[in-house]
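These notes concern the structure reproduced below.
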Amino acid sequence: MILLALAIAPGLVISLYIFYKDTYNAEPTRYLLISFILGAMMVIPAGLIEQTVTPFFSDRISSIAAYSYLGVGFTEEFLKFLVLRYYAFNKKSFDEPLDGIVYSVIAGMGFATLENIMYVTSMGLSTALLRMVLSVPAHATFAVLMGYHAGKAKFSSSGRFLHLLCGLCLAVFFHGTFDFFLFLRRSPQVQPFISEGLLFLGAVASFIVALRLSRRQIEEHRLQSQQTYNSTHRV
């Protein structure tokens, strides 16, 4: 039960955090709950795809890079993107740019929470603690990057496709980079020259860059939401 609680807690805390960031025009709870569930359901096809493609990759650096960015990064982010684009994006309640971040993060936390439960229950306490402070928050930052551009796409007069594509590509890039440094630790080509600790720090550095960017994007859309809300209520 303790492991299960540790697996669920980070995704739940981040979901509540982003929910309370949406101060001025909160989304219907039922839509957020459905987004969370749909995001969690994407773990199933992601797992099947990753299991299918894994045998085609080796422990060579180029192959690890391809697997990190395409096999994992693109697979997982694209599946989460489908939830954002085809469930949340067309909702009437998606009525301000910040909502892109809200729905994206909630779907991402659904995905990360179920994935976390699977990892933690099979690998134990140390994995639970590590993923609590790194992997689950990383999923949240990738979701912010995607959701920020989805919000721009929704309310831009032109370039909708490019905004959506940009958000997906940024999420894939940072997700793939994060995983690349972690997966490199398995490569015999790398281990004699670079320690596991340095590779782990590479993953942490990519996470920090994404985190700083995502925090700036949240505040930008939140400020826009505040200005819109105040303007509406002055009329």
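What are the DSSP H helices in the chain that stretch 30 Å or more along their long axis, judged by alpha-carbon atoms, and whose average Kyte-Doolittle hydropathy comes to at least 1.6? Helix filter hits for the chain: 160-184. Computed with a 1.4 Å probe over protein heavy atoms only, the accessible surface of the chain comes to 50 Å² per residue. Based on alpha carbons, the Rg and Dmax found for region 140-219 are 15.6, 53 Å.
Among the protein heavy atoms of the chain, carbon and sulfur supply 68% of the accessible surface, probe 1.4 Å, non-protein parts ignored. Each Lys and Arg Cβ is given +1 and each Asp and Glu Cβ -1; about its Cα centre, the chain then shows a dipole of about 400 debye.
Result for the chain in a Gaussian network model with C-alpha springs under 10 Å: among Leu164, Leu184, Leu16, the largest mean-square fluctuation is at Leu16.
For the chain, adding -39500 (n - 2.57) for each run of n ≥ 4 DSSP H residues and dividing by the number of residues yields -25000 deg cm²/dmol at 222 nm. Label positions at Asp59 and Arg30, each projected 7 Å from the Cα along the C-beta direction, are separated by 5.3 nm.
Scaling the Cα radius of gyration of region 7-69 by the globular reference 2.2 N^0.38 Å produces a ratio of 1.64. Using the Cβ-Cβ distance between Met123 and Ser156 with R0 set to 45 Å, the FRET efficiency from 1/(1 + (r/R0)^6) comes to roughly 0.55. In plain terms, the chain from Arg186 to Val209 could stretch by 5.9 nm, reckoned as 0.36 nm per residue minus the Cα-Cα distance.
Equivalent ellipsoid of region 35-159: semi-axes from √(5λ) of the C-alpha gyration tensor, largest first, are 27, 18, 13 Å.
Here the Kirkwood formula puts the hydrodynamic radius of the chain at 18.2 Å, using every distinct Cα pair.
The values are calculated or read from the model by the stated rules, or taken from the named source; none is laboratory data. Predicted model, so just to flag it, every value in this text is computed and none were measured. Every residue, glycine as well, gets a Cβ built from its backbone with ideal geometry; the counts of neighbours run over all protein chains shown. Heavy atoms of the whole protein, side chains included, go into the accessibility calculation; ligands, DNA and RNA do not. Shrake-Rupley method; radii C 1.70, N 1.55, O 1.52, S 1.80 Å.
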